[in-house]
Amino acid sequence: MTERMRATQPLTTRTLTALNARTLALIALTVGLSTPAMALMYNQQDTETAGHWASMTLVLGEERTYRASNSYDMPGTAFSVDFAPPECRPRLELRVDMGEVASRDETVSADAALRIDRFTAHAGPATLAKERGDNGAYVSFTNAAPYRLLHELHVGDTLRLQIENGSEPWYLNFQLPGAAIALDRAARQCHESVTPDDDAEQPPSAYF
């Protein structure tokens, strides 16, 4: 991960909203789990499309991350769910292309919520961030029930996001047709990557 420094110039939700209105934005919102190296560039392989969603493998050297993503509904913007070995826990990500490369790292606290259809909203503290040398704006926030959210993504029709830090709220909508297929494929590939091909060859200790 790139080293992160708090900038002297604030990054506000209003700034993101204004830029988003011009460019609408690809890759990172982390929900309740460890924050990935947001600015790292991965090779994308083995992509399959399903409705508004696609599943793929992100490769960086020996590292593999398995992703389900919607970049269909909002040009320049992608909402993604990543599964990384060995835990393969769901990690939700959003990256908004701001149309210009940041000259410095910037972070600011905010509040955010995700809601699928009329299910109970998933709300929590958020961090808005830009990284030097990257043209993306990133959001990361904590969610106490990532697997409940994952289930709702499987069965719902529309995902809605709200992000605010005391100024005008910023809203994003993503449709969910194809999400279940893409999510299942990404999760399955992650688990298969850490599961031995032949259980018969494994010692007893491998099961504990």
For region 57-92, which residues satisfy the criterion of being among the charged types (D, E, K, R) and surrounded by fewer than 24 Cβ atoms within 10 Å (Cβ to Cβ)?
GLU62, GLU63, ARG64, ASP73, ASP82, GLU87, ARG89
If you go through ALA68, ALA7, ALA37, the only one that is among the hydrophobic types (A, V, I, L, M, F, W, C), closer than 29 Å to THR195 by Cα, at pLDDT below 85 and outside any helix (DSSP H, G or I) is ALA37
Between residues in region 85-106 that are in a loop (DSSP other than H, G, I, E, B) and residues that are basic (Lys, Arg), which pairs lie under 6 Å by C-beta distance while being six or more apart or on different chains?
ALA102/LYS130; ALA102/ARG132; ARG104/ARG132; ASP105/ARG4; ASP105/ARG132
Just for region 78-102: of the residues that are aliphatic (A, V, I, L, M) and more than 12 Å from ASP134 (Cβ to Cβ), which one is modelled with the highest pLDDT?
ALA84
In region 143-168, how many residues are modelled with pLDDT under 95, assigned to a loop (DSSP other than H, G, I, E, B) and surrounded by 13 or more Cβ atoms within 10 Å (Cβ to Cβ)?
4
Looking only at region 51-60, and only at residues there that are touching a Lys or Arg at 6+ places or on another chain (Cβ under 8 Å) and aliphatic (A, V, I, L, M), the one that is nearest to ARG132 (Cα to Cα):
LEU58
Scan THR158, THR107, THR127 and give me the residue that is among the polar types (S, T, N, Q) and either over 17 Å from the mean Cα position of the chain (by Cα) or under 27 Å from GLU62 (Cα atoms) (or both).
THR107
Conditions (1) buried (at least 19 other Cβ atoms within 10 Å of the Cβ); (2) hydrophobic (A, V, I, L, M, F, W, C); (3) over 16 Å from the mean Cα position of the chain (by Cα) -> VAL101 fails only (1)
Those residues that are surrounded by fewer than 18 Cβ atoms within 10 Å (Cβ to Cβ) and part of a strand (DSSP E or B), I need them from region 114-126; list them, please.
ALA123, GLY124, PRO125
Could you figure out which of (1) more than 23 Å from CYS190 (Cβ to Cβ); (2) touching a strand residue (DSSP E or B) at 6+ places or on another chain (Cβ under 7 Å) isn't true of ILE116?
(1)
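May I ask you to verify whether TYR171 is hydroxyl-bearing (Ser, Thr, Tyr), surrounded by 18 or more Cβ atoms within 10 Å (Cβ to Cβ) and not in a loop (DSSP other than H, G, I, E, B)?
Judged against the criteria, TYR171 is not a match.
The values are calculated or read from the model by the stated rules, or taken from the named source; none is laboratory data. In this text the structure is predicted, and so the values were computed from the model without any measurement. Glycine gets a Cβ as well: all are built from the backbone with ideal geometry, and neighbour counts include every protein chain shown.
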